[in-house]
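Peer 1: To start, I am sharing the structure in question, which I have written as structure tokens.
The values are calculated or read from the model by the stated rules, or taken from the named source; none is laboratory data. Please read all numbers here as calculations on a predicted model, not as lab measurements. With ideal geometry, Cβ positions are generated from the backbone for all residues, glycine too; neighbour counts draw on all protein chains shown.
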């Protein structure tokens, strides 16, 4: 596909502005009515989903060129998909998110690259992760855990850790605790240690499709070789990319993919995990874009006029993972859930996606702080989520402003309820040494 | 000095309307003088009574040719506010002979009336078709309905006062150089007859296109154009109408009650009078008025509940129940009667023009009105202000009446103080005038909005909005470049 | 002048003017990047004929305050540039319509400044959208009129500048009638405040002292940005008897939320058009309905079964079409009342009129659609659905007068539509999609004819201009003023409406002495000698329009009697 292939989508824009707002049925206040961090921060129409499409249309029609400024606008977007969901309330014939992805690819093809993204790509090429960390240390987090190494052992379940969890030591207690829970519930779990690579989704979002393709192939071959029946990941990004971007690239994984929260809920329901301890807390839930609307599975391309596309072939964000974490929270004694205004398909992005975390930290912080304010407005004591990138975006935004507001990974709350104490850094380091 | 009779003006006017329709008799001219508020700087030099729009156009064109000041008048005497008193010597264009009720359209609940149609006639005609005329409170019997609507006088039924321009819809206007214009959907295409054939009824007040000159001529006191007919909204004539009262020492309580009733559109007629104004409406002689006033609570809220053409009982029942619940909530006591009037009598009184003598003159023969727009919650503050001023100036507070009329569906209100005085008593007249002036100025400073700025209010009102004055003067220049229409009124005098 | 195609792109803005703009609002709030500017030039809705672009602005600025708007307008005056404000930007009316336009995007002025619960008004800035205003006012038991472009539109823009009616009009009036105090930046950069606001008395009244400048500010249509920038205004609010924070599930057809107490949705069917007109007039004058309107069956089809209308089998489904047509005389009533007794009264009146006219009515709860109908209308979340079936639509006719004149005009509209459906020029929605609703409990009734087409299909876009012209002709035949106007149409039909253009132009000269506002849709003169399009359908209609306009032109003595 090229940008020109989306000409009808782009021309389809009626400029109704729905893409800038939460779906109108769900608009509950003046304060939290907007859905798009980018247009909210920068205000020119071009920073909205529709506005970006019109820049694309302008270029395809030969009315304007892809300049540095235009590329910059294209990149100042988390690709969170909120615009797409809002647009699709009314339209069957526009795939806004796909146009946004295509714009990124066009930028890359035309050499409109930004250094921060290049660093990520270099890191991927060099070390197989987006964080510039040594490939050799990718499995360090798991030292001492009785997990299989799928490079030389068969395992039913591949635990795909993802870049952020693998290298962010602050997240390791969460991660290790989660793996312990899976093991304690009897799952046959294996990881790839230093052989695990980035899923490649971030490269895809940044417009580097070739790179993404390479990583998808790598993942595909590893999975095939492993003989595993299930991939479980705690990384919402990876989850979304396995479900949507891989099949879109023709690299669908041949096994079921589950987010770890789905697995945990399953185990709780089967009685294999007992959430017995009170975790007294009024908590609000942040739906990560990649666990929610962006994880909606890929549907085959519609050939022909999308006006005639049937609803079962339209990705509108409804089939993301929304109920699982909420159900899981209900299982935790003492946890009370209070919802924010922007949730589920119309959730507000944490700010980290689409290469924004790497290239535009100010936009990322803006988005994260907006979400924290929304969380606070509910009266909740804490916010829970289930994406390491969201977690980091909130953590760093709070640190930057000197503010504090507790943000939990849902896996932390589960572990507390199970009675699993988080490991200290000394304990983890001890594990590493082993 | 040449008399009018000898001047070319009378002859030229007579050429247009016939000599019998032109007069310069002093007694005739005197009848256009207003009350004490008029303070005329100029005098009428003649009156001319056109019978149709063509004659109005010809008069206006003549005025342009000869530089005559034209002062349109539609209602009969007595006049109070000086709207028809020339600021400069001028010719009164008395429109009372244009008195056709052009059309009463039952289906569309709309009528077209000329300026000379009084409320009494209009009402009688509309009621033949089961339609109700929206009226101000107790207009004088000679009051032109169209003039009242043009002046944005408040009607007694806030529920149907959707906009300040109500109930006026479209209009035919002769602008200052004699150009004819029609506003809203009456503008065309097509004549009225053509439009009627297509089922149109001159109902849309907005337009044509991107202007609404009906709004511009409303409140203009004839300074921007002469309206030769207007279409106006009518209501359904109620099959059941029940009038109720709430008397209270506390205006605040009635105000709260009013807000809620209007929020859910429960009542039809709805107004508040103080004891003096109520007694003046009910009784005729000064003694009776004073005696009756003594028996009243300080404030009386009067409202009517109506049922129309479908299930009138059901409508009345749910509205009565709703209002009763609100009254209970706010601690307001509802009654079927007040001293001097039961439901039926009150209903009859407010459904008709004032009987003679005009209700505001009954107590003492003279009245100075201070009226303006404000919001209901601010009304108690203005009352305190008036009482303080009256006491300080030695004017009996008991000789001041009060009328509060919610407008725009209760979003704001016309607040009217009636300063009663004996015009034959010079010191009292002077005191009343002094209070009138000081109260007007003081209340403007407290947020009273003199939206219909007669006489001295023009200075008060326009000194507070220089930008509005600028634009109004420009509009005047466009519509009446030779300043033939009611020269010197509003902000169009030299001093503003 | 109006241009077409690539020539719609003006030469770039000069550096000096651009620098001035940057100083006025801050460099990060000005752009002249072509692709960004094109986001304001793509305006396929209500554009003229086949054109989907309007003039590309030479710069876009984002002022944050009235003072900044004034500064921008003054800079335009200084440099001989035009300006045009845009709010939510729904349609070509909001876009630049001539060369050298600085587009003033009001997105940063988006506050709700005050909700006066007692006196029932809200004070808003331009970019507080309908959905936001509704959400905040409903918390206080109040609701606001939302124009039928829906919750994304700006109530301020609608009230000050652009037509403004909707099915909620029977209870909540139409936009121009809901305007109270206004703050208005004139095209010379000066500010005027109307009514009580101008006198420092608050927002509660927009008229006076003396003559009301609301009549200068706008008429039936509004000046579409041609007379300055409106920066704040107060709008009337109305009672909302439902819950303060309704939270339905779903977005549109999947909407689920119980109806509030004393609320209902009904649909009534009548045997013929006259019965529909008579009965619905009688019902509405009794003050019934919170949202009420006559949907076209065709419009419903475009929403519910959009794919069907594109299929060959639909074109041939003669009897199905007839069967659907039989249900066209319908009227939808969304009732929201304050008591069981009031609801009962409203239902009784409806039942009575339906029965008198040989119709029948259905409680929508029996169809399972009550919740969806109720909430999507009350929350105005349904309107963009008109884009669904074909991608684009226009609405022709667009008039407001007596109910019968509107309802009884629709067969003529259907004839025009059917002709163009038969030619394959527009979506086949059975041609019976005329929409009617009433304002102010029937003071005026509205007629609008939605025409759906794919603006990406040249065979369809080229039909739009002639269709609009045919409807304009029909309007004249029905003695209705022409709708949204171009300079050519204004010039042609001004004389049929009392030469209103003379007075409107006079106002323009007062407020815009240097001709700085983009007044293409307000006062601009047509360009002399501009060649007519070579489309025979347009040429034919141009002649017919000129002919009827000449016949209906006023003389000095008024219209021909």
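Peer 1: Among (1) crowded, with 20+ Cβ neighbours inside 10 Å; (2) within 14 Å of chain C (Cβ to nearest Cβ), there is one condition residue B:470 misses while meeting the rest; what is its number?
Peer 2: Every condition holds for residue B:470 apart from (1).
Peer 1: Filter segment C:345-376 down to residues that are closer than 30 Å to residue A:305 by Cβ and in a helix (DSSP H, G or I), then give me how many there are.
Peer 2: 3
Peer 1: Same structure again: Quick check, is residue B:428 more than 9 Å from chain C (Cβ to nearest Cβ) and under 24 Å from residue B:158 (Cα atoms)?
Peer 2: Taking the combined requirement at face value, the residue does not satisfy it.
Peer 1: Can you find even one residue in segment A:250-270 that is surrounded by fewer than 19 Cβ atoms within 10 Å (Cβ to Cβ), in a loop (DSSP other than H, G, I, E, B) and not assigned by TED's automatic domain parsing to the domain that holds residue A:177?
Peer 2: Yes, segment A:250-270 contains at least one residue that is surrounded by fewer than 19 Cβ atoms within 10 Å (Cβ to Cβ), in a loop (DSSP other than H, G, I, E, B) and not assigned by TED's automatic domain parsing to the domain that holds residue A:177.
Peer 1: In addition: I'd like to verify a number: residues in segment C:85-99 that are in contact with a helix residue (DSSP H, G or I) (Cβ under 9 Å, 6 or more places away or on another chain) and surrounded by fewer than 24 Cβ atoms within 10 Å (Cβ to Cβ), how many?
Peer 2: Number of matching residues: 1.
Peer 1: Tally the residues that are more than 14 Å from chain B (Cβ to nearest Cβ) and either surrounded by fewer than 13 Cβ atoms within 10 Å (Cβ to Cβ) or touching a strand residue (DSSP E or B) at 6+ places or on another chain (Cβ under 8 Å) (or both), restricting the search to segment C:540-561.
Peer 2: So the count comes out to 1.
Peer 1: I would also like to ask the following. Pick from segment B:49-71 the residues that are crowded, with 24+ Cβ neighbours inside 10 Å and under 24 Å from the mean Cα position of the chain (by Cα): which of them is nearest to residue B:172 (Cα to Cα)?
Peer 2: B:56
Peer 1: Out of curiosity, is residue C:265 under 20 Å from the mean Cα position of the chain (by Cα), buried (at least 24 other Cβ atoms within 10 Å of the Cβ) and not in a loop (DSSP other than H, G, I, E, B)?
Peer 2: no
Peer 1: Collect the residues in segment C:411-421 that are more than 19 Å from residue C:50 (Cα to Cα) and surrounded by fewer than 24 Cβ atoms within 10 Å (Cβ to Cβ), keeping them in residue-number order.
Peer 2: Scanning segment C:411-421 gives C:411, C:412, C:414, C:415, C:418.
Peer 1: Follow-up. Within segment A:216-238, identify whether any single residue is more than 30 Å from residue A:268 (Cβ to Cβ), buried (at least 24 other Cβ atoms within 10 Å of the Cβ) and not assigned by TED's automatic domain parsing to the domain that holds residue A:411, and answer yes or no.
Peer 2: yes
Peer 1: Here's something else I'd like to know. State all residues of segment B:284-312 that are surrounded by 18 or more Cβ atoms within 10 Å (Cβ to Cβ) and without any contact (Cβ under 8 Å) to a residue 12 or more places away in the chain; if no residue qualifies, say none.
Peer 2: Listed by number, the residues that qualify are B:310, B:311.
Peer 1: Now for a different question. Is it true that residue C:445 is surrounded by 24 or more Cβ atoms within 10 Å (Cβ to Cβ) and either assigned to a loop (DSSP other than H, G, I, E, B) or free of Cβ contacts under 8 Å to residues at least 40 places away in the same chain (or both)?
Peer 2: In short, no.
Peer 1: Right, another one. Checking the condition over 30 Å from residue B:88 (Cα atoms) and not assigned by TED's automatic domain parsing to the domain that holds residue B:116, which residue from B:298, B:205 passes?
Peer 2: Criteria check complete, one pass: B:298.
Peer 1: Residue C:496 passes all but one of (1) more than 8 Å from every other protein chain (Cβ to nearest Cβ); (2) under 25 Å from the mean Cα position of the chain (by Cα); (3) in a helix (DSSP H, G or I); which number fails?
Peer 2: Single failed check for residue C:496: (1).
Peer 1: Residue check: is residue C:368 more than 30 Å from residue C:237 (Cβ to Cβ), under 20 Å from the mean Cα position of the chain (by Cα) and away from every other protein chain (no Cβ under 12 Å)?
Peer 2: No: the conditions fail for residue C:368.
Peer 1: Mind listing whichever residues of segment C:377-420 are part of a strand (DSSP E or B) and within 14 Å of chain B (Cβ to nearest Cβ)?
Peer 2: Within segment C:377-420, C:397, C:398, C:399, C:400, C:401 meet the criteria.
Peer 1: Considering segment A:402-416 alone, what residues qualify as being surrounded by 20 or more Cβ atoms within 10 Å (Cβ to Cβ), farther than 19 Å from residue A:169 by Cβ and touching a helix residue (DSSP H, G or I) at 6+ places or on another chain (Cβ under 8 Å)?
Peer 2: If the condition is that a residue be surrounded by 20 or more Cβ atoms within 10 Å (Cβ to Cβ), farther than 19 Å from residue A:169 by Cβ and touching a helix residue (DSSP H, G or I) at 6+ places or on another chain (Cβ under 8 Å), then A:410, A:413, A:414 are the ones that fit.
Peer 1: Kindly establish whether residue C:424 is farther than 20 Å from residue C:43 by Cα and modelled with pLDDT under 95.
Peer 2: yes
Peer 1: What is the one condition in (1) part of a helix (DSSP H, G or I); (2) more than 25 Å from the chain's Cα centre (by Cα); (3) surrounded by fewer than 21 Cβ atoms within 10 Å (Cβ to Cβ) that residue C:241 does not satisfy?
Peer 2: Residue C:241 satisfies all of (1) part of a helix (DSSP H, G or I); (2) more than 25 Å from the chain's Cα centre (by Cα); (3) surrounded by fewer than 21 Cβ atoms within 10 Å (Cβ to Cβ) except (1).
Peer 1: Then there's this: Are any residues in segment C:438-468 under 20 Å from residue C:481 (Cα atoms) and within 14 Å of chain B (Cβ to nearest Cβ), and if so, which ones?
Peer 2: C:438, C:439, C:442, C:443, C:444, C:445, C:446, C:447, listed by residue number.
Yes/no per residue for (1) over 18 Å from the mean Cα position of the chain (by Cα); (2) outside any loop (DSSP other than H, G, I, E, B); (3) in the same structural domain as residue C:337 (by TED's automatic domain parsing):
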| site | (1), (2), (3) |
| --- | --- |
| C:89 | no, no, no |
| C:126 | no, no, no |
| C:131 | no, yes, no |
| C:137 | yes, yes, no |
| C:145 | no, no, no |
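Peer 1: Residues in segment C:469-493 that are facing chain B (nearest Cβ under 9 Å), out of contact with any helix residue (DSSP H, G or I) (no Cβ under 6 Å at 6 or more places or on another chain) and either assigned to a helix (DSSP H, G or I) or more than 21 Å from residue C:420 (Cβ to Cβ) (or both): how many?
Peer 2: Number of matching residues: 3.
Peer 1: Separate question: Scan the helices (runs of 4 or more DSSP H) fully inside segment B:167-263 and keep the ones with 1 or more residues being more than 7 Å from every other protein chain (Cβ to nearest Cβ), under 26 Å from residue C:478 (Cα atoms) and out of contact with any helix residue (DSSP H, G or I) (no Cβ under 6 Å at 6 or more places or on another chain).
Peer 2: So the answer is B:192-197.
Peer 1: Applying the selection to segment C:56-87, what residues are within 12 Å of another protein chain (Cβ to nearest Cβ) and either farther than 20 Å from residue C:28 by Cα or outside any loop (DSSP other than H, G, I, E, B) (or both)?
Peer 2: C:56, C:59, C:60, C:61, C:86
Peer 1: crowded, with 23+ Cβ neighbours inside 10 Å and at pLDDT 95 or above: is that true of residue C:25 in this structure?
Peer 2: Against the criterion (crowded, with 23+ Cβ neighbours inside 10 Å and at pLDDT 95 or above), residue C:25 does not qualify.
Peer 1: Enumerate the strands (runs of 3 or more DSSP E) found wholly within segment C:168-236, keeping only those where 1 or more residues are within 19 Å of the chain's Cα centre (by Cα) and at the interface with another protein chain (Cβ under 8 Å from one of its Cβ atoms).
Peer 2: C:229-236
Peer 1: From the list A:120, A:130, A:70, exactly one residue is away from every other protein chain (no Cβ under 12 Å), surrounded by 24 or more Cβ atoms within 10 Å (Cβ to Cβ) and in a helix (DSSP H, G or I). Which is it?
Peer 2: Going through A:120, A:130, A:70 in turn, the sole match is A:120.
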